[in-house]
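A quick write-up on the structure given underneath.
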Amino acid sequence: MAVAIVGYRTYPDGNIQSQVNDLEAASKEIALNNPTLCSKPLALAKNEWTGTILLGHSSGAHIAILKLAQQIERWSKIKDVNSKELGINFDQVIGLSGVYSINEHFDLESGRGVEEISPMKPGCGYTMDSFDLHSPAVRLAAMSTKRSKYLKLPDMLLIHGVNDDVVPFSSAKRAANILQNWGYDNVETHYLKSTGHQDTIMHLMFGGVARDFIFSKILQLKARDI
């Protein structure tokens, strides 16, 4: 597999939209300079293509799915989706231990007494309306159409550790419920026993149940006619 590890600005160098913009810029750069990696080559058999996958952990999961929401909004208004300048049309988006509703997580941070020292509030714009604007689950649910005319909706996999004491696993459950009620029927959740917030990304790097499950899902995607 070809892998691009993408960085993005953090507060106070940038806010949430700056982070999404950085991810979008990286997507466009990869699509422009490596087009053969971003779409299924005609010469490959069905079982030789894993698709294009966007994966993030924690805040990375948040901005990955927020990017998807903004991409669907933007692409639904355009006529030509063949330009590589539009970035990558991902086949699958995987969120590890992510925050998908800022208002919900702000209430959790308030209950823990850390809302004033956390960068989440200033990074997301201070107001409840701004929090909703930067909440991918809320943003997707607010769309008036279930399907973009030009952009296929990727499979979405939300993975969360049951022992996560930073972002409760209910974050993934509630996000999935919101999206499924909206009509996003290709979203799946998976909860890992005895797994904390950092464990999911550590498993991905060094081995563990999170990596095993992710690769099993990637192989399932590989077997499909994307």
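None of the figures in this text is laboratory data; all of them are computed from the coordinates on show. What you see is a predicted model; the values in this text were computed from it and never measured.
Put simply, the amide H of Ile94, placed in the peptide plane, has neighbours under 5 Å in Leu54, Leu55, Gly56, Leu157, leaving out anything fewer than 5 places away on its chain. In order along region 128-140, the Karplus-derived 3J(HN,Hα) couplings, from 6.51 cos²θ - 1.76 cosθ + 1.60 at θ = phi - 60°, round to 5, 5, 5, 4, 5, 4, 9, 9, x, 5, 5, 5, 5 Hz, and Gly and Pro are given as x.
Between Phe215 and Ser194, 0.36 nm times their residue separation minus their Cα-Cα distance comes to what? Please report the intermediate quantities before stating the final value.
Numbers: separation 21, 0.36 × 21 = 7.56 nm, distance 1.95 nm.
Stretched out fully, the Phe215 to Ser194 stretch lengthens by 5.6 nm.
Measuring how big region 155-226 is from its alpha-carbon positions, Rg and Dmax come out at 13.0, 39 Å. In plain terms, the chain from Lys28 to Ala2 could stretch by 7.8 nm, reckoned as 0.36 nm per residue minus the Cα-Cα distance.
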